[in-house]
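Below is one structure, written out as structure tokens; comments come after it.
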Amino acid sequence: GGPQIDMRGLEEGTVITLYELDSVSFMETGVVLKDSIVNDGGDFSFQNVTLTSPYVLITAERPAPETEYAYSVFADVRDTGKIQINVLTHLEALRSLHLVKTGIEFSQAKQQARTEVLNAFGIYGLSDNIMNEDPMEYTAMLDALSIALPTFDCTGVPPENLIFGGEPLKRLFDAIAEHGSFQNIDASVDSGFVDNINAVISSVQSILAVPYEYFEKNGENNVRYYWMHERIVEYLANMLSVVFGLGRCDQAHEGKTFDAPKPDYSQSCIADYGLVCRSGSWWVTMFEKEHAEGTMTDARD
């Protein structure tokens, strides 16, 4: 029975569609299989699939409110093991499908797409096997990408009111497919992307404002929760560094700070923040407000 598709973390009611692709042109052949996840276990496989080509595009359309875009994965069903499907495989599928249609061989296209997509989001030098070597790191990266390219607005408003969604998000996906990056191709894409990350960073920063000792005192899960949010903010800072054209944080940039443009998104809680390059990564830094020091006596008892 056909490929095993690992669908962990996707909800009951997610609709899975498999499209067979021609092995030369990589266009859809017209063979389409559809099914849905009927439990929260998340594991899913198509049974007894007869395909004339080993190449498939699989999409996962999640139930509302997670409806802004479907995840996808471009796969060779001869590869053994489970097929992951998530926001990263979606970005890789967009790019690698474009590359194979220009004549680049499948595995080379997949490798090139992965590198280009990660670099487009300021993620460098990640091991190909990060998913197995460091599952927490892999999860933090996926969470950061999911936040940057949201399927629904965490404030609970309907998808059409996303800070960054609809047409600008579609243009970002088109740019990734065609160029392997999205920066400086469309001003509305860049500004929408930055507005969204500003809003997210401000809410995550409020979690990190709680002293670490509090999390430590409340057990391992709380420490993991703190660590994950710290990593997510770091990933988001590096994403911003790419949009702002700062380059990779390397030895030449060590210690360099950059004042981020004032957010024009009204709900952003960040007023003044910057990015600082430290030890190979960009970090968000908050600027201190001007203040006077002195003493004050309260007349009340």
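For the reader, a short list of remarks on this structure follows.
- Residue in region 54-67 that is farther than 24 Å from Thr151 by Cα and β-branched (Val, Ile, Thr) present: no
- When Thr89, Thr67, Thr59 are checked against the criterion of being assigned to a helix (DSSP H, G or I), under 23 Å from Phe152 (Cα atoms) and among the β-branched types (Val, Ile, Thr), a single residue qualifies: Thr89.
- All helices (runs of 4 or more DSSP H) inside region 150-263 with 3 or more residues being touching a residue at least 24 places away in the same chain (Cβ under 8 Å) and within 24 Å of Thr115 (Cα to Cα): 166-179, 187-208, 220-243
- Of the residues making up region 114-138, just one is closer than 19 Å to His90 by Cβ and either open to solvent by 70 Å² or more (accessible area, probe 1.4 Å) or touching a Pro at 6+ places or on another chain (Cβ under 6 Å) (or both), namely Asp128.
- Restricting attention to region 50-107 and to residues that are more than 19 Å from the chain's Cα centre (by Cα), polar (S, T, N, Q) and closer than 22 Å to His179 by Cα, the residue that is most open to solvent (accessible area, probe 1.4 Å) turns out to be Thr102.
- Here Thr17 clears all of (1) part of a loop (DSSP other than H, G, I, E, B); (2) under 23 Å from the mean Cα position of the chain (by Cα); (3) in contact (Cβ under 8 Å) with a residue 40 or more places away in the chain; (4) surrounded by fewer than 19 Cβ atoms within 10 Å (Cβ to Cβ) except the condition numbered (1).
- Condition met for Ser206 (at pLDDT below 90, in contact with a Ser or Thr (Cβ under 6 Å, 6 or more places away or on another chain) and over 16 Å from Leu145 (Cα atoms)): no
- Between Asn184, Asn238, the distinction of being of a type in the set (S, T, N, Q), in contact with a Gly (Cβ under 8 Å, 6 or more places away or on another chain) and surrounded by 14 or more Cβ atoms within 10 Å (Cβ to Cβ) belongs to Asn238 only.
- Among the residues of region 20-44, the one identified as outside any strand (DSSP E or B) and of a type in the set (Phe, Trp, Tyr) is Phe26.
- Residue identified as touching a Leu at 6+ places or on another chain (Cβ under 7 Å), closer than 14 Å to Met239 by Cβ and buried (at least 17 other Cβ atoms within 10 Å of the Cβ) among Val189, Val204: Val189
The values are calculated or read from the model by the stated rules, or taken from the named source; none is laboratory data. Computed from a predicted model, the values in this text were never measured in an experiment. Methodologically, a virtual Cβ is constructed for each residue, glycine included, from the backbone with ideal geometry; neighbour enumeration extends over all protein chains shown. These accessible areas exclude ligands, DNA and RNA; they are computed on the full protein's heavy atoms, side chains included. Shrake-Rupley method; radii C 1.70, N 1.55, O 1.52, S 1.80 Å.
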